[in-house]
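**Q** One structure coming up, written as structure tokens, with questions to follow.
The values are calculated or read from the model by the stated rules, or taken from the named source; none is laboratory data. In this text, all values refer to a predicted model and were calculated from it rather than measured experimentally. Please note: Cβ atoms are built from the backbone with ideal geometry, for glycine as well, and neighbour counts cover all protein chains shown.
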Amino acid sequence: MTGARKTALIVGASRGLGLGLVDTFLARGWQVTATERTASPGLAALDGDALTIESVDIDDDDAVSELRTRLGQKSFDLIFVVAGVATRIDDPLHKVPREVAVQVYLTNAVSPIRFAEVFVDRVSPGGTIAFMSSILGSVSLNEAGGSDTYRASKAALNTYARTFESRHRARPFGVLLMHPGWVSTDMGGVGADLDVATSVAGMADVIESRSGQRGIAYLDYAGRTLAW
Ligand SMILES: NC(=O)c1ccc[n+]([C@@H]2O[C@H](COP(=O)([O-])OP(=O)(O)OC[C@H]3O[C@@H](n4cnc5c(N)ncnc54)[C@H](OP(=O)(O)O)[C@@H]3O)[C@@H](O)[C@H]2O)c1
């Protein structure tokens, strides 16, 4: 059984959706490597033979390459970069200090793709590289405005992911941009539509059903395609 286990690297798993994904994939029999920035009580509580806990800040290029070195030749059926921030999400662009806008862009758009580049040869054939996007990253669905810097960062992530997929099209993996729904986490807040368990179960179903598929898709937690 152990040899047949699927493997996942979940990046940004200390709490919220990342932690929920780790819990769900472990329950489905996967071998999971999960990353935190600082010690996560939530991850520690899941500790078991199928879970390896690592540490990385995706904004730190040296830390990302050190993680690659620590993981050696290990490859994964799924690499999912979940980490993200929503700093000053309610403020319009012109009210947000430039350095805050830049940091949101770096963490949400630049760092996930740079992380994927470092691990691009660590995805197993038929596997998936997934990025945590948002419906707010859709340019065409932006009818109401708001969430300016966050929205733009996820739109940039979508664009970078499409370019990443083109650059690596000859490689044997698929790329997914996921919208988890509006979920009750530290980021999503208490008034959200979904709980973590519902969202992550849906995303895990989507990921498992797309195993072996190439190309890129922008999907929500229920498997519905979103407009770019
Ligand atoms: N919740 C929603 O409704 C919703 C909707 C659409 C999309 N999303 C996206 O889903 C993802 C997870 O969101 P969430 O709701 O679970 O948020 P959350 O509860 O605030 O968790 C954010 C996670 O990202 C990690 N992180 C942030 N910056 C990082 C960095 N530089 N390096 C490594 N890890 C970093 C955090 O680690 P620390 O604990 O160390 O801070 C934490 O594990 C994000 O990309 C978010 O944009 C969420």
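**Q** Please determine, by comparing only the residues of region 3-28 that are away from the ligand (no atom under 15 Å from the Cβ), among the small types (Gly, Ala, Ser) and free of Cβ contacts under 8 Å to residues at least 60 places away in the same chain, which one is nearest to residue 81 (Cα to Cα).
**A** 27
**Q** Please find, among 102, 190, 139, the residue that is exposed (fewer than 15 other Cβ atoms within 10 Å of the Cβ) and either touching a Cys at 6+ places or on another chain (Cβ under 8 Å) or modelled with pLDDT under 95 (or both).
**A** Numbers: 102 fails: either touching a Cys at 6+ places or on another chain (Cβ under 8 Å) or modelled with pLDDT under 95 (or both); 139 fails: either touching a Cys at 6+ places or on another chain (Cβ under 8 Å) or modelled with pLDDT under 95 (or both).
None of the others qualify; the one that does is 190.
**Q** Sticking with this structure for a sec: Condition (residue is closer than 22 Å to residue 139 by Cα, surrounded by 21 or more Cβ atoms within 10 Å (Cβ to Cβ) and touching an Asp or Glu at 6+ places or on another chain (Cβ under 6 Å)) applied to region 153-166: is it met by at least one residue?
**A** No, region 153-166 contains no residue that is closer than 22 Å to residue 139 by Cα, surrounded by 21 or more Cβ atoms within 10 Å (Cβ to Cβ) and touching an Asp or Glu at 6+ places or on another chain (Cβ under 6 Å).
**Q** So, one more: Determine which single condition residue 170 fails, assuming it passes every other condition in (1) without any contact (Cβ under 8 Å) to a residue 12 or more places away in the chain; (2) within 16 Å of the ligand (Cβ to nearest atom); (3) of a type outside the set (Lys, Arg); (4) more than 26 Å from residue 102 (Cα to Cα).
**A** Here residue 170 clears every test but (2).
**Q** Does region 129-157 hold any residues that are charged (D, E, K, R) and within 12 Å of the ligand (Cβ to nearest atom), and which are they? Outline the logic, then answer.
**A** From region 129-157, those charged (D, E, K, R) are 143, 148, 151, 154; that's our starting set.
Scanning region 129-157 gives 151, 154.
**Q** Pull out all pairs, ordered by first then second residue, where Cβ-Cβ is under 8 Å, the residues are six or more apart or on different chains, the first lies in region 85-113 and is of a type in the set (Gly, Ala, Ser), and the second is in a loop (DSSP other than H, G, I, E, B) and modelled with pLDDT of 95 or more.
**A** Short answer, once both residue conditions are applied: 86/147; 86/187; 111/58; 111/59; 111/83.
**Q** Still on this structure: Return the pairs, sorted by first residue and then second, in which the second residue is basic (Lys, Arg), the first residue lies in region 138-157 and is without any contact (Cβ under 8 Å) to a residue 60 or more places away in the chain, the beta carbons are less than 7 Å apart, and the residues are 6+ apart or on different chains.
**A** 142/151
Conditions tested, residue by residue: (1) part of a helix (DSSP H, G or I); (2) at negative phi.
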| position | (1), (2) |
| --- | --- |
| 169 | no, yes |
| 189 | no, no |
| 199 | yes, yes |
| 205 | yes, yes |
| 208 | yes, yes |
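**Q** Return only the number of the condition from (1) part of a loop (DSSP other than H, G, I, E, B); (2) among the hydroxyl-bearing types (Ser, Thr, Tyr); (3) more than 18 Å from the chain's Cα centre (by Cα) that residue 185 does not satisfy.
**A** (3)
**Q** Looking only at region 58-67, how many residues end up being in contact with a helix residue (DSSP H, G or I) (Cβ under 7 Å, 6 or more places away or on another chain), surrounded by 16 or more Cβ atoms within 10 Å (Cβ to Cβ) and not acidic (Asp, Glu)?
**A** Qualifying residue count for the region: 2.
**Q** Based on what the data block shows, is residue 175 away from the ligand (no atom under 13 Å from the Cβ) and either in contact with a helix residue (DSSP H, G or I) (Cβ under 8 Å, 6 or more places away or on another chain) or touching a residue at least 60 places away in the same chain (Cβ under 8 Å) (or both)? Break it down stepwise before answering.
**A** On the way: away from the ligand (no atom under 13 Å from the Cβ): yes; either in contact with a helix residue (DSSP H, G or I) (Cβ under 8 Å, 6 or more places away or on another chain) or touching a residue at least 60 places away in the same chain (Cβ under 8 Å) (or both): yes.
So residue 175 passes the test.
**Q** Return a yes/no flag: does region 41-57 have any residue that is more than 10 Å from the ligand (Cβ to nearest atom), under 17 Å from the mean Cα position of the chain (by Cα) and surrounded by fewer than 18 Cβ atoms within 10 Å (Cβ to Cβ).
**A** Yes; the residues of region 41-57 include at least one that is more than 10 Å from the ligand (Cβ to nearest atom), under 17 Å from the mean Cα position of the chain (by Cα) and surrounded by fewer than 18 Cβ atoms within 10 Å (Cβ to Cβ).
**Q** Can you name the residue in region 196-228 that is touching a residue at least 12 places away in the same chain (Cβ under 8 Å) and of a type in the set (D, E, K, R) and is also surrounded by the most Cβ atoms within 10 Å (Cβ to Cβ) among such residues? Even if it seems obvious, please write down each step before you answer.
**A** Here is the first cut: in region 196-228, the residues touching a residue at least 12 places away in the same chain (Cβ under 8 Å) are 196-223, 226-228.
The next check asks that each one be of a type in the set (D, E, K, R); those that pass are 205, 208, 210, 214, 220.
Details: 205: 15, 208: 15, 210: 17, 214: 15, 220: 19.
The extreme case among them is 220.
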